[in-house]
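The structure appears below as structure tokens.
The values are calculated or read from the model by the stated rules, or taken from the named source; none is laboratory data. From a predicted model like this one, the values you see are computed outputs, not experimental measurements. With ideal geometry, Cβ positions are generated from the backbone for all residues, glycine too; neighbour counts draw on all protein chains shown.
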Amino acid sequence: MSRQSTAQAAIAAANAFARPNSLWDRYFNTVIAAGLIASVVQHLMITSLPLYAFSLGANPSTAGFIMGIFTFAALVFRPVFGAMVDTRGRRVVLLFGTAVVAGVSFLYGLTALIPMLLFFRFVHGMGFSAYSTAAGTVIADVVPKERLTEGIGYFGLVNTVSIAIGPGLALWLLRSAGYGSVFVTAGVLTVIAFLIFSFVNYEPKERRPLAPAHASSRSGLAGFLEPSTLPPAAVMFFTALTIGGILTFLPAYGLWRGIDDIGMFFTVYAVGLVIPRLTCGRLADRIGTTKVLLPGMLLVFLGLVVLGVANTLPLFLAAGFLYGFGFGTVQPVLNALIIRVAPEERRGAANAAFFCAMDLGIGLGAIIWGFVSDFWGFPMIYFLSSLCAVCGTVVYLTVVRRHPSFMELTRAHRRPRTAAAE
């Protein structure tokens, strides 16, 4: 069986289990449940590992590097795992990545050396890149095409919900039982996610061995990242540049402004993320990508401008809601657009291109905005970030929307359903 026909058979097998136009089917629910657990573990680690590094004697720059090497590893390995998803299969990459994260989670508590902590964090990033790329591809397989943006939006809620669970759980475990309890809990939860992911078994048994080029007949980088997805991935890159400044510097900026309760920003930001993921995906599937994405980019721009001038808690919260609503609109719409334009047998490589753009934007943004804050202060981070949103919009209007491969996809994908279809 050829690789292309095998991949298409896997997609057909997934669709065979789903009712016509059904979204919440067996495999969608499985990936949502396991993905939520894995994402909670991710936020457990984001909260606890910097504190653990400090307890081992690390300075702030070293602690930052320990967190940054995770993103670097994810960026390096995503193209490889994207190709493997298309050739070896979704399930094997999904289970491999989850097993790696489970093992590393247990090992964190056994090291008292910073170099070993760096190594484990790098391996963790590799595992994360494997299971997240594979999980996103499974979602693309099992969601009906006419509800793709809606399904991806719901899948994105996994990360939003985990933001509300993971950090609080980590701090509670630290106060009550110490770092060892955090790492054991993370390991046990990831084992549970592994067991749930093991039920994703819709693919055919036969699968062609991995080709020497590691993906399709394409050579070089095109064998790992689907070239047709690069224009919308570029839009995602510019959008991700903006979130790097928020995740890295917003707490320090709030304290610099004299805001004591700046943590509320992330609560409101999460609320802003949730609303469009529940509504805008279905809307984009009905009226088209452009009519949903452009207002989302405008909200990202406005949220960053308000953040640049914010000097009171209400202004920070308003900025958080605007930015969260905008980012929560743009991210799933671009993800769905990338999956739609890619050949079905190249969905893994397409997802890899999308997440590489996010990884690169977030990581590079944190570095760039660090230099900006050193020279011009915190507010300039967000004023300049707003220009990145403008750049992303320009790329969409001039390259994506006018590109022959995307012109039809950016319009409405289906007619509104009747009441019976609902």
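Would you tally the residues in the stretch 241-265 being among the charged types (D, E, K, R) and buried (at least 20 other Cβ atoms within 10 Å of the Cβ)?
Going through the stretch 241-265 one residue at a time, the tally reaches 0.
Sort out which residues of the stretch 277-293 are under 20 Å from the mean Cα position of the chain (by Cα) and at pLDDT below 85, and write them in order of number.
R277, L278, T279, C280, G281, R282, A284, T289
Tell me which of these G296 doesn't satisfy, since it passes every other one: (1) assigned to a helix (DSSP H, G or I); (2) modelled with pLDDT under 85.
The single condition G296 does not satisfy is (2).
Quick check: is even one residue across the stretch 366-386 part of a helix (DSSP H, G or I), in the same structural domain as G244 (by TED's automatic domain parsing) and within 19 Å of the chain's Cα centre (by Cα)?
Yes, because at least one residue in the stretch 366-386 is part of a helix (DSSP H, G or I), in the same structural domain as G244 (by TED's automatic domain parsing) and within 19 Å of the chain's Cα centre (by Cα).
Which residue pairs have Cβ atoms closer than 9 Å, lie 6 or more positions apart in sequence or on different chains, and pair a first residue in the stretch 291-320 that is under 14 Å from T393 (Cβ atoms) with a second residue that is among the charged types (D, E, K, R)?
K291/R411
Could you say which residue among V268, V274 is over 28 Å from F72 (Cα atoms), surrounded by fewer than 24 Cβ atoms within 10 Å (Cβ to Cβ) and not assigned by TED's automatic domain parsing to the domain that holds G136?
When all the criteria are applied, what remains is V268.
Yes or no, residue by residue, for (1) over 26 Å from L94 (Cα atoms); (2) crowded, with 18+ Cβ neighbours inside 10 Å:
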residue: T279; (1), (2): yes, no
residue: T290; (1), (2): yes, yes
residue: G320; (1), (2): yes, yes
residue: G324; (1), (2): yes, yes
residue: P343; (1), (2): no, no
residue: C356; (1), (2): no, yes
residue: I362; (1), (2): no, yes
residue: A366; (1), (2): yes, yes
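Scan L51, L75 and give me the residue that is touching a Cys at 6+ places or on another chain (Cβ under 8 Å), in contact (Cβ under 8 Å) with a residue 40 or more places away in the chain and either surrounded by fewer than 23 Cβ atoms within 10 Å (Cβ to Cβ) or outside any helix (DSSP H, G or I) (or both).
L75 is the lone residue from the list that is touching a Cys at 6+ places or on another chain (Cβ under 8 Å), in contact (Cβ under 8 Å) with a residue 40 or more places away in the chain and either surrounded by fewer than 23 Cβ atoms within 10 Å (Cβ to Cβ) or outside any helix (DSSP H, G or I) (or both).
Conditions (1) in a helix (DSSP H, G or I); (2) in contact with a His (Cβ under 7 Å, 6 or more places away or on another chain); (3) modelled with pLDDT under 90, marked per residue:
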site: S132; (1), (2), (3): yes, no, yes
site: T137; (1), (2), (3): yes, no, yes
site: L148; (1), (2), (3): yes, no, yes
site: G153; (1), (2), (3): yes, no, yes
site: L169; (1), (2), (3): yes, no, yes
site: V182; (1), (2), (3): yes, no, no
site: T185; (1), (2), (3): yes, no, no
site: A213; (1), (2), (3): no, no, yes
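Hey, does the stretch 117-126 have a residue that's assigned to a helix (DSSP H, G or I), over 26 Å from I69 (Cβ atoms) and in contact (Cβ under 8 Å) with a residue 60 or more places away in the chain?
Checking the stretch 117-126: not a single residue is assigned to a helix (DSSP H, G or I), over 26 Å from I69 (Cβ atoms) and in contact (Cβ under 8 Å) with a residue 60 or more places away in the chain.
For the subset of the stretch 94-120 comprising residues that are buried (at least 24 other Cβ atoms within 10 Å of the Cβ) and within 19 Å of the chain's Cα centre (by Cα), which member is nearest to A350 (Cα to Cα)?
Once the filter is applied, the top-ranked residue is L94.
Give V138, V123 a once-over and let me know the one that is crowded, with 24+ Cβ neighbours inside 10 Å and within 20 Å of the chain's Cα centre (by Cα).
V138 is the lone residue from the list that is crowded, with 24+ Cβ neighbours inside 10 Å and within 20 Å of the chain's Cα centre (by Cα).
Using the structure shown, decide if R218 is at pLDDT below 85, over 19 Å from V40 (Cβ atoms) and among the basic types (K, R).
Spelling it out, R218 is indeed at pLDDT below 85, over 19 Å from V40 (Cβ atoms) and among the basic types (K, R).
Considering (1) in a helix (DSSP H, G or I); (2) among the aliphatic types (A, V, I, L, M); (3) touching a residue at least 24 places away in the same chain (Cβ under 8 Å), say which one A112 fails and leave the rest.
Of everything listed in (1) in a helix (DSSP H, G or I); (2) among the aliphatic types (A, V, I, L, M); (3) touching a residue at least 24 places away in the same chain (Cβ under 8 Å), A112 misses just condition (1).
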